[in-house]
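Take a look at the following structure, please.
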Amino acid sequence: MGAPSIDHEARVATLQAIATLAGFHQNASRELESLGHPDVMRLSPQCKGLFVGDGKATETPGNRATIARLSRYSELLVRWHAATGAPVILCVAFTHPSHSRAWEAAFQRLSVCQLPGRLSTESMDHNERVLAFVANAADFARGRTATRFLAGDFPA
């Protein structure tokens, strides 16, 4: 496998910015990263939540290796949520807007998306989309929206 492309690195930069804006400032430990190697894996010191993001420049939702990798990340997030009760977020940034529905369908089959939460796709620009699943049952039971959650409006 060659070096990551400029498009891939741009997707990763978007995910890093989203993680930072949502309050996920702390890089995951080496032990945690050994369970999977997503492009972005961050913890929130305030809510103890875990953010996992993967940038896609050429991979598609039909790629078996991609889905297998996302499944591993999903299982990690489910275990994290079960152990801590903290919010978990899984994001994919991709470059082909025509793939939005296929990415959403692929996400809906992941174990993390069985947790109470919200799945949504946002357009970042004319050529970039971010699909995110945000899970925290207590937060959504209080009527908070994913947008406020991503903006750092965490429960005390």
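Given the conditions (1) among the small types (Gly, Ala, Ser); (2) in contact (Cβ under 8 Å) with a residue 40 or more places away in the chain; (3) within 21 Å of GLY117 (Cβ to Cβ); (4) surrounded by fewer than 23 Cβ atoms within 10 Å (Cβ to Cβ), which single one is not true for ALA93?
Exception for ALA93: condition (4).
May I ask you to say which residue of SER74, SER100 is in contact (Cβ under 8 Å) with a residue 12 or more places away in the chain, buried (at least 23 other Cβ atoms within 10 Å of the Cβ), touching a Ser or Thr at 6+ places or on another chain (Cβ under 6 Å) and in a helix (DSSP H, G or I)?
It is SER74.
Among the residues of the range 1-22, how many are part of a loop (DSSP other than H, G, I, E, B) and more than 15 Å from the chain's Cα centre (by Cα)?
Here the count works out to 5.
If you don't mind, another one. Would you check if there is a residue in the range 47-66 being surrounded by fewer than 17 Cβ atoms within 10 Å (Cβ to Cβ), farther than 27 Å from ALA3 by Cβ and not basic (Lys, Arg)?
no
Looking at this structure, is ALA135 closer than 17 Å to VAL12 by Cβ, in contact with a strand residue (DSSP E or B) (Cβ under 6 Å, 6 or more places away or on another chain) and buried (at least 22 other Cβ atoms within 10 Å of the Cβ)?
no
In the range 46-71, which residues are part of a helix (DSSP H, G or I), of a type outside the set (Lys, Arg) and in contact (Cβ under 8 Å) with a residue 12 or more places away in the chain?
Those that are part of a helix (DSSP H, G or I), of a type outside the set (Lys, Arg) and in contact (Cβ under 8 Å) with a residue 12 or more places away in the chain: ILE67, LEU70, SER71.
Only the coordinates and a few stated rules stand behind these numbers; no lab work does. Predicted, not measured: the structure shown is a model, and the values here were computed from it. Because the Cβ atoms are built from the backbone with ideal geometry, glycine has one as well, and the counts that use them run over all protein chains shown.
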